[in-house]
Amino acid sequence: MVSLAKVSRFSQQIITAILLAVGLCFTTVPTLAQPKLAWEQVVPQQALTPEFFSPKEHVLGIRTGEQKHLHGYWRTIVPVVGGKFYSFSIVEETANVTDDRCAAVQISWESRRGHAVLRDEEYGKRYAVETFPDGTEFAWTARPEIPYEKRTLANGKIERFASFQAPSIATNAEVQLHLRYCDQASIEWSRFSFKEIEEPPKQRIKVASIFLPPSESAKSQVDGKVEIFKPYIEEAAEAGARLVCLPEWFNKSYSSKSVEVIAEQIPGGISTTFLEGLANLHDLYIVAGIAECDVDTIYNTAVLIGPSGYIGKYRKAGLTLREANALGVTPGEHYPVFKTEIGRIGMMICYDIYFPEVAQNLSGNGADIIAMPIAGGHPILAQARAIENQVYLITSTYSQREEWIKTAIFDYDGKMLAFTDKPGSIAIAEIEISPLPKYWAHLGHLKADLRTQKPVDAKSIRAK
């Protein structure tokens, strides 16, 4: 058993040689070109030692007993070339692993001597977090990678995967496979892969949002005709936008008719048919808030339309009292994210912004972009949802109150890349969609940290 806090690099190399001699090795899959890797058993504190095991070749495991706070990990060193891109994957089979914090993977970048390396200069120039008050820069070390994305395989096991770029002066990657915080739990890792790849493709796209607040005179003239949004969608398309966000209940807000009369079937209603035609004509993705009627049930819904037609919908989960008690709207229960050629798109609606769980669920389901039709709300909440979920947030509002959320595009730092408060105009900005991590210099890949270090909610603790 090894504790890294007490072991020198030279001693670690001796341990590695011993492990190689007894055959405790784990090769990458499927290639055999990479040399065999020696894996060490490590505990942060001896009192926390779990049971390490290797049931068969190329499989490593850790098991805990009745003590909840046992914590150990397998560790190996993989040679890398600074500046190159790498993909990582590993298959996990777990039992009684209760949340994402329990089974963790960490990859740290090191020099040949086993020291942490400095980040590259462009490694995460982030919003006001890089400098001392006098303007001088911190010499931040390259923060660890935390692979957090997962997919379920046909056999029911989970594959964890990630891609990243090694810092230019890194020569080694230290890989750690952790089990912690769970009693009576076990995990087996297999099919470990860490290999050099070409630079993953990324794309820069323009996204837009429409600000068209209704008036009583407009309601009487338009009377629910959704075509009023056509010139603004066309303007966004002409400016190069690939995604356009419309406001909440855009089929209801320009009508004095009741929601029961205006609500329509999705797909197949007047509004989705109208949006499908424009999306196809202009090669666009469109998000719009629509009053939906499903048989006798009314929902406050956002739809995603693509160049090929209807893609999917989200039903508002966080209803206002008026929606719930006066209008009889039913809340949604699902948080779908739709994979498109321009990224993974989720949707939320207006009052959802006051409930952090909505955006967290969308981010947890993989959203790169959250489009939010909204009447109005507190602007700091929009910044918070973007930051705490590390997503682009697009808002399309009605409100003209100076202190409320603007029709805008927010980036990962909560900054407005573009906004408009002029009625009958659009906000448009360019964003970057990439599979590579977006770093905060002092925290590293914040989105991964938020996913893997999220505290357990009190209800889950009481249930146990």
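Taken together, the values in this text are just the output of simple stated rules run on the coordinates, not laboratory data. Small disclaimer: the values here were computed from a predicted structure and weren't measured. For neighbour counting, all protein chains shown are included, and Cβ atoms are generated from backbone atoms with ideal geometry for every residue, glycine included.
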| So what's region 203-433 giving for Cα Rg divided by 2.2 N^0.38 Å, two decimals? | 0.90
| message | On a straight-distance basis, which aspartates and glutamates could pair with Lys36 in a cross-link, Cα separation under 14 angstrom, same-chain partners fewer than 8 positions away excluded? | response | Glu57
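So how do 104-114, 174-184 stack up, highest first, on mean other-Cβ count within 10 Å?
Those peptides, ordered most packed to least, come out 174-184, 104-114.
If the limit is 28 Å between Cα atoms, which of Lys202/Lys447; Lys84/Lys438; Lys84/Lys447 go over it?
Correct reply: none exceed it.
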| task | Straight distance only, please: which aspartates and glutamates reach the Cα of Lys68 with their own Cα at less than 14 Å, same-chain residues fewer than 8 apart left out? | result | Glu51, Asp99, Asp183
| said: Taking θ = phi - 60°, what integer Hz values does the Karplus form 6.51 cos²θ - 1.76 cosθ + 1.60 yield along region 341-349, in sequence order, with x for Gly and Pro? | reply: 5, 9, x, 9, 10, x, 9, 9, 9
| remark: Descending packing, highest mean Cβ count within 10 Å first, for 231-244, 384-397 is 384-397, 231-244
| query | Which order, highest average first, do 274-286, 256-268, 417-429 follow once you tally other Cβ atoms within 10 Å for each residue and take the mean per peptide? | reply | 274-286, 417-429, 256-268
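If you take the square roots of the eigenvalues of the alpha-carbon gyration tensor of region 291-351 and sort them as a ≥ b ≥ c, do you get rounded (a/c under 1.5), prolate (a/b over b/c) or oblate?
Judged from the Cα gyration tensor, region 291-351 comes out prolate (a/c at least 1.5, a/b above b/c).
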| task | Pull up the cross-link candidates among the aspartates and glutamates for Lys252, meaning alpha carbon to alpha carbon under 15 Å and not fewer than 8 places away within one chain. | result | Glu216, Asp223, Glu227, Glu260, Glu264, Glu292, Glu323
| request: Could you check the simple spin-label distance between Ala326 and Ala239, using points 7 Å along Cα→Cβ, in nm with one decimal? | output: 3.3
